[in-house]
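The values are calculated or read from the model by the stated rules, or taken from the named source; none is laboratory data. Since the model is a prediction, treat every value here as computed from it, not as a measurement. In this analysis, Cβ positions are derived from the backbone assuming ideal geometry, glycine residues included, and neighbour counts consider all displayed protein chains.
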């Protein structure tokens, strides 16, 4: 019906973070997850490809990430725009000291 969003087959195809040291990758049909050994850090990625006319602005989906505190830790939620693709990223950490690491990691995501 609506063809504004299409899932990309390889969401890491044009991004520079394919090998994240100390993390195991889990590939799901529409997302990727990276989990460190003690499961104190989890990185979730999903991507949408946007096509169509001027129906909406892709820029409204990106910006500075938000950080939310939960009983079990913190989550950084953010999105980045690469061409007609929106990369969704959620980084969950269980230690407050790792919130800064999550910010740095998110900021380091770039396209090739």
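Computed values, structure above
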{"read-out": "Pick from the range 29-51, criterion in a loop (DSSP other than H, G, I, E, B) and touching a strand residue (DSSP E or B) at 6+ places or on another chain (Cβ under 9 Å), ranking: modelled with the lowest pLDDT", "value": "51"}
{"read-out": "Some residue of the range 52-67 being in a loop (DSSP other than H, G, I, E, B), under 17 Å from residue 111 (Cα atoms) and at pLDDT below 85", "value": "yes"}
{"read-out": "Single residue of the range 76-108 satisfying the filter (touching a strand residue (DSSP E or B) at 6+ places or on another chain (Cβ under 6 Å) and part of a loop (DSSP other than H, G, I, E, B)) that is surrounded by the most Cβ atoms within 10 Å (Cβ to Cβ)", "value": "94"}
